[in-house]
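Q: Please see the structure below; I have some questions.
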Amino acid sequence: MAEETQKKNGADYGEQNIITLEWYEHIRRRSGMYIGRLGNGERQGDGIYVLLKEVIDNSVDEFSMGFGKRIDITIDEDKSVTVRDFGRGIPLGSVVDVTSKLNTGGKFDTEAFQKSVGMNGVGTKAVNALSSDFWVESFRDGQSSFAHYSRGILLDSGLRETTEKNGTVIRFVPDEQMFEGYSFHMDIVETMVKN
């Protein structure tokens with residue numbers, strides 16, 4: 001009887017209870033650690049705006065260091081967000097790593113990034129893990145490297161030739177499983193971008 005009570009109360013704690021999560025599973029299960037609250041887009045601090053800010057911050061870092069003179073931000077009716085900068089572009093061999101390996105990024109190197117908004121190697125990975133669809137493509141000197149994910153799981157990646165100008169494009173769709181019934185309010189987006 002006492003043994004049954006212990007199992008019911010969670011006192012039966014053994015090796016079978018130890019769980020190792022993939023990076024994207026941790027972000028999805030403990031999203032508050034990475035983006036604060038989830039929300040549905042009605043309030044300024046809701047998670048969809050944090051995702052947008054994480055992507056824009058990377059482009060702003062390039063811009064503020066003098067790489068690229070323009071950042072294009074598009075939010076479509078299908079709730080997809082596209083951010084295109086014309087900076088240096090992510091090094092082509094690192095596109096998958098910087099979008100799917102926690103604590104990985106160029107911002108730890110102070111020679112490559114003298115100024116940086118984000119510096120912990122997590123931001124873009126959180127966007128990736130919390131998006132039902134995530135596309136990143138880096139353009140550098142006539143070549144591009146792309147990666148396509150769903151909820152942090154890599155679906156496709158590769159290298160190809162391109163005529164695009166140098167820089168990076170990220171397109172993502174926040175996951176309805178995480179942000180139930182969400183929508184972007186353009187007044188909040190505009191204030192955030194201006195800031």
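Q: Per the 1.4 Å probe, what fraction of the accessible area of the range 29-110, in percent, lies on carbon and sulfur atoms?
A: Heavy-atom surface of the range 29-110 belonging to carbon and sulfur, 1.4 Å probe: 49 percent.
Q: According to the square roots a ≥ b ≥ c of the eigenvalues of the Cα gyration tensor, what is the shape class of the chain, taking rounded for a/c under 1.5, prolate for a/b larger than b/c otherwise, and oblate for the remainder?
A: Prolate.
Q: Here's something else I'd like to know. If you place +1 on the Cβ of every Lys and Arg and -1 on the Cβ of every Asp and Glu, how big does the dipole about the Cα centre of the chain come out, in debye to the nearest 20?
A: Dipole about the Cα centre, nearest 20: 440 debye.
Q: Accessible area per residue of the chain at 1.4 Å probe, in Å²? Provide the component values of the computation, followed by the final result.
A: Values: 11250 Å² over 195 residues.
Ligands and nucleic acids excluded, the result is 58 Å² per residue.
Q: Using the beta-carbon distance between GLN44 and GLU180 and R0 = 22 Å, what value does 1/(1 + (r/R0)^6) give for FRET efficiency, to the nearest 0.05?
A: With a Förster radius of 22 Å, E is 0.75.
Q: For the pair ARG37/ARG160, report the inter-label distance in nm, with labels modelled 7 Å from Cα in the Cβ direction.
A: That separation, rounded to one decimal, is 4.1 nm.
Q: Could you work out how much longer the chain between ILE153 and ASP97 gets when fully extended? Use 0.36 nm per residue separation minus the Cα distance between them, nm to one decimal. Present the calculation step by step, with values, prior to reporting the outcome.
A: On the way: separation 56, 0.36 × 56 = 20.16 nm, distance 1.26 nm.
Contour length minus Cα-Cα distance gives 18.9 nm.
Q: List the residues of the range 61-75 whose backbone N lies under 18 Å from a point placed 7 Å from the Cα of GLU190 along the Cα-to-Cβ direction.
A: Correct set: 72-75.
Q: Any chance you could look up the accessible area of ILE18 with a 1.4 Å probe, heavy atoms only, rounded to 10 Å²?
A: Ignoring ligands and nucleic acids, ILE18 comes out at about 100 Å².
Q: If you don't mind, there's one more thing I want to ask. Is there a quick way to get the dipole size of the range 45-98? I mean about its Cα centre, with the Cβ of Lys and Arg at +1 and of Asp and Glu at -1; what is the value in debye to the nearest 20? Intermediate results must be reported in sequence, preceding the final value.
A: On the way: 6 positive and 11 negative charges, 53 e Å.
Result for the range 45-98 is approximately 260 debye, rounded to the nearest 20.
Q: What's the local net charge at ARG30, with K and R +1, D and E -1, over the other residues with C-beta under 14 Å away?
A: Once positives and negatives cancel, what remains is +2.
Q: Sticking with this one: Out of GLN44, GLN16, GLN177, any idea which swings most in a Gaussian network model of the chain, alpha carbons joined below 10 Å?
A: Maximum among the listed residues: GLN16.
Q: By the gyration tensor of its Cα atoms, with a ≥ b ≥ c the square roots of the eigenvalues, what is the shape of the range 136-194: rounded for a/c under 1.5, prolate for a/b over b/c, or oblate? Could you put the intermediate results ahead of the total?
A: Numbers: a/c = 4.75, a/b = 1.52, b/c = 3.14.
Oblate.
Q: Let me ask something additional. Using a ≥ b ≥ c from the Cα gyration tensor of the range 48-107 (square roots of the eigenvalues), is it rounded, prolate or oblate, where a/c under 1.5 gives rounded and otherwise the larger of a/b and b/c decides, a/b for prolate?
A: oblate
Q: Pop out the ³J(HN,Hα) list for the range 28-45 in order, Karplus 6.51 cos²θ - 1.76 cosθ + 1.60 with θ = phi - 60°, rounded to Hz; leave Gly and Pro as x.
A: 5, 6, 10, 4, x, 5, 9, 10, x, 7, 7, x, 10, x, 6, 10, 4, x
Q: With all protein chains present and a 1.4 Å probe, how do LEU154, LEU102 order by accessible area, largest first?
A: Sorted descending by solvent-accessible area, the residues read LEU154, LEU102.
Q: Here's a follow-up. Can you tell me the 0 to 90 degree angle between the C-alpha axis of helix 47-64 and the longest principal axis of the chain, rounded to 10?
A: 30
Q: Then there is this: If each DSSP helix of 4+ residues adds -39,500 (n - 2.57) and the sum is divided by the residues in the chain, what number results at 222 nm, nearest 500 deg cm²/dmol?
A: -8500 deg cm²/dmol
Q: Calculate one ³J(HN,Hα) per residue across the range 183-195 by plugging θ = phi - 60° into the Karplus curve 6.51 cos²θ - 1.76 cosθ + 1.60, and present them in order as whole Hz with x for glycine and proline.
A: So the Karplus estimates, Gly and Pro as x, are 7, 7, 9, 5, 5, 5, 4, 4, 4, 4, 5, 4, 5 Hz.
The values are calculated or read from the model by the stated rules, or taken from the named source; none is laboratory data. Everything numeric in this text was worked out from a predicted model, so none of it was measured. Don't worry about glycine lacking a Cβ; one is built from the backbone with ideal geometry, like all the others, and counts go over all protein chains shown. With ligands, DNA and RNA removed, areas are computed over all heavy atoms of the protein, side chains included. Shrake-Rupley method; radii C 1.70, N 1.55, O 1.52, S 1.80 Å.
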